[in-house]
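Novice: Here it is, the structure in full.
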Amino acid sequence: MATVMVKATASTGPGRSRAQDVDRHVGARMRERRIMLGLTQQQMAELIGVTYQQAHKYEKGINRIASGRLYNIAQALGVDVGYFFEGIGSEKAFRATPQQRMLLELARNFISIPVRKHQEAMCAMARALSHEE
């Protein structure tokens, strides 16, 4: 019984709730970037060398991410480590603009195009449309 009390006290000690908030924020930023790149959790897990379940726990903030692993995740997602901590002090929740939502949808659809030549054609079309006057 004394062991249970020690465990309960240790897990609910001062500062723990704030650490969990940071873990959840970092996980949410990881998930946001993964989705932006059109990757599934399984693909993300393979990129960073963990199981699907572990990647899921990272994204939910259930498990903390060690500094070396966070560095590997940042490299896999093409961002600096600081990316995961951006906005951590702000109370304002992130709200995607309509344009950001369309970009996310475009990325998801693009990544699911099975033929490489079709992906290249989409890139060429986007390039041509962006220079249209």
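Yes or no, residue by residue, for (1) of a type in the set (A, V, I, L, M); (2) modelled with pLDDT under 95; (3) in a loop (DSSP other than H, G, I, E, B):
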| residue | (1), (2), (3) |
| --- | --- |
| VAL50 | yes, no, yes |
| GLN54 | no, no, no |
| TYR58 | no, no, no |
| ILE62 | yes, yes, yes |
| ILE65 | yes, no, yes |
| LEU70 | yes, no, no |
| ALA74 | yes, no, no |
| ILE88 | yes, yes, yes |
| LYS92 | no, yes, yes |
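Novice: In the range 45-61, which residues are closer than 17 Å to ARG24 by Cα and under 14 Å from the mean Cα position of the chain (by Cα)?
Specialist: GLN54, ALA55, HIS56, LYS57, TYR58, GLU59, LYS60, GLY61 - these are the residues of the range 45-61 that are closer than 17 Å to ARG24 by Cα and under 14 Å from the mean Cα position of the chain (by Cα).
Novice: Pairs only if they're at least six apart or on different chains, beta carbon under 8 angstrom, first in the range 31-45 and within 12 Å of GLU59 (Cβ to Cβ), second of a type outside the set (D, E, K, R) and in a loop (DSSP other than H, G, I, E, B); list them, first residue then second.
Specialist: GLU32/PHE94; ARG33/VAL79; ALA45/THR51
Novice: Taking the residues in the range 94-123 that are touching a residue at least 60 places away in the same chain (Cβ under 8 Å) and loosely packed, with under 13 Cβ neighbours inside 10 Å as candidates, determine which candidate is nearest to LEU39 (Cα to Cα).
Specialist: Within the range 94-123, the match that is nearest to LEU39 (Cα to Cα) is SER112.
Novice: Now for a different question. Does the range 64-81 contain at least one residue that is outside the structural domain of ASN109 (by TED's automatic domain parsing), surrounded by 14 or more Cβ atoms within 10 Å (Cβ to Cβ) and of a type in the set (Asp, Glu)?
Specialist: no
The values are calculated or read from the model by the stated rules, or taken from the named source; none is laboratory data. As the structure is a prediction and not an experimental result, all values here were calculated from the model. Note that we place each Cβ from the backbone using ideal geometry, even for glycine, and neighbour counts take in every protein chain shown.
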